[in-house]
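The values are calculated or read from the model by the stated rules, or taken from the named source; none is laboratory data. Note that the coordinates shown come from a computational prediction; the quantities given were computed from them, not determined experimentally. So basically every Cβ, Gly included, is an ideal-geometry build from the backbone, and we count neighbours across all protein chains shown.
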Amino acid sequence: MLIDAKNVTKAFGAFKAVDDASVSVEEGDILGLIGPNGAGKSTFFNCLTGDLPVTSGTVIFNGADVTRLPPEARAALGLARTFQVPLTFESMSVLDNATIGALLRHHNAREARAKARDVLQRVGLGTSSMHRLKASARLAASGWRSPVRSPPSPRRCCSTRQWPA
Ligand SMILES: Nc1ncnc2c1ncn2[C@@H]1O[C@H](COP(=O)(O)OP(=O)(O)OP(=O)(O)O)[C@@H](O)[C@H]1O
Ligand SMILES: [Mg+2]
């Protein structure tokens with residue numbers, strides 16, 4: 001079991017935002033948590049990640065009891081999150097943003113850089129993808145009506161009708 005949250009309760013004063021919630025997640029599972037506004041979804045996530053301390057209950061991650069660990073310690077174990085409103089370090093490059101994440105596990109800067117490059121490539125933000133996106137954006141911004149793509153090299157077999165790739 002990757003995540004095993006048992007009987008999690010989170011109270012704000014007398015009000016229980018999460019009341020005795022349990023969830024089990026196996027590695028590879030994709031699990032949705034649905035409920036109306038104010039149902040307690042975010043509060044439950046915050047309890048899983050350590051952004052909020054639980055009032056009672058336990059959170060086990062990969063066999064370890066992380067209930068009392070702060071978020072950064074849970075993240076170092078591999079329990080990380082994204083937020084409803086994504087925030088990035090806007091004044092920093094895409095590579096620097098990814099490197100910050102990589103530094104959590106790769107304390108050597110060169111290794112962190114390499115890991116960040118690898119991940120950016122995988123999510124379509126690598127150098128070659130960015131060049132393609134920038135070229136597409138430049139073309140779109142020019143108000144193009146009838147795009148023409150340079151012909152494929154003889155070794156490659158693709159139709160010019162595939163634009164934009
Ligand atoms: N820090 C807090 N102090 C007091 N009450 C809080 C606090 N955080 C959340 N609540 C209350 O707990 C309840 C659950 O809120 P929560 O944000 O977890 O709901 P949610 O299911 O994520 O809602 P949404 O769908 O709007 O994101 C709400 O009634 C909210 O007002
Ligand atoms: Mg929410």
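Hey, among the residues in the stretch 41-61 that are within 16 Å of ligand 2 (Cβ to nearest atom) and under 18 Å from Ser24 (Cβ atoms), which one's surrounded by the most Cβ atoms within 10 Å (Cβ to Cβ)? Taking the candidates together, the pick is Cys47.
Each row is one residue, and each column tells you yes or no for (1) within 30 Å of Thr127 (Cβ to Cβ); (2) hydrophobic (A, V, I, L, M, F, W, C).
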position: Lys41; (1), (2): no, no
position: Phe61; (1), (2): no, yes
position: Pro70; (1), (2): no, no
position: Gly78; (1), (2): yes, no
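Please specify each residue of the stretch 104-126 satisfying the condition of being part of a helix (DSSP H, G or I), under 18 Å from Ala80 (Cα atoms) and free of Cβ contacts under 8 Å to residues at least 24 places away in the same chain. Step through it out loud before you land on a result.
Looking only at the stretch 104-126, we keep the residues that are part of a helix (DSSP H, G or I), and these are 109-122.
From what is left, the residues that are under 18 Å from Ala80 (Cα atoms) are 112, 115-116, 119-120.
Within the stretch 104-126, Ala112, Lys115, Ala116, Val119 meet the criteria.
If only residues of the stretch 60-97 that are of a type outside the set (D, E, K, R) and within 16 Å of ligand 1 (Cβ to nearest atom) are counted, the one that is farthest from the chain's Cα centre (by Cα) is Pro71.
Residue-by-condition table, conditions (1) touching a helix residue (DSSP H, G or I) at 6+ places or on another chain (Cβ under 6 Å); (2) among the small types (Gly, Ala, Ser):
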{"position": "Asn7", "(1), (2)": "no, no"}
{"position": "Lys10", "(1), (2)": "yes, no"}
{"position": "Gly13", "(1), (2)": "no, yes"}
{"position": "Leu33", "(1), (2)": "yes, no"}
{"position": "Pro36", "(1), (2)": "no, no"}
{"position": "Thr67", "(1), (2)": "no, no"}
{"position": "Ala75", "(1), (2)": "no, yes"}
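It is to be established whether one or more residues within the stretch 78-88 are within 16 Å of ligand 2 (Cβ to nearest atom), without any contact (Cβ under 8 Å) to a residue 60 or more places away in the chain, surrounded by 13 or more Cβ atoms within 10 Å (Cβ to Cβ) and aliphatic (A, V, I, L, M).
The first filter runs over the stretch 78-88 and keeps only residues within 16 Å of ligand 2 (Cβ to nearest atom), leaving 81-87.
Narrowing further to those that are without any contact (Cβ under 8 Å) to a residue 60 or more places away in the chain: 81-87.
The next check asks that each one be surrounded by 13 or more Cβ atoms within 10 Å (Cβ to Cβ); those that pass are 81.
Now restrict to residues that are aliphatic (A, V, I, L, M): none.
No, every residue in the stretch 78-88 fails to be within 16 Å of ligand 2 (Cβ to nearest atom), without any contact (Cβ under 8 Å) to a residue 60 or more places away in the chain, surrounded by 13 or more Cβ atoms within 10 Å (Cβ to Cβ) and aliphatic (A, V, I, L, M).
Of the candidates Val18, Val25, the single residue that is outside the structural domain of Ala116 (by TED's automatic domain parsing), at pLDDT 95 or above, more than 16 Å from ligand 2 (Cβ to nearest atom) and of a type in the set (A, V, I, L, M, F, W, C) is Val25.
With the condition kept exactly as written, say whether any residue in the stretch 27-50 is away from ligand 1 (no atom under 16 Å from the Cβ) and free of Cβ contacts under 8 Å to residues at least 24 places away in the same chain.
Yes, that holds for at least one residue.
Only one of the numbered conditions (1) in contact with a helix residue (DSSP H, G or I) (Cβ under 8 Å, 6 or more places away or on another chain); (2) closer than 30 Å to Asp19 by Cα; (3) basic (Lys, Arg) is violated by Arg105, and that is (2).
Here is the figure for the stretch 1-15: residues that are within 16 Å of ligand 1 (Cβ to nearest atom) and at pLDDT below 95 total 0.
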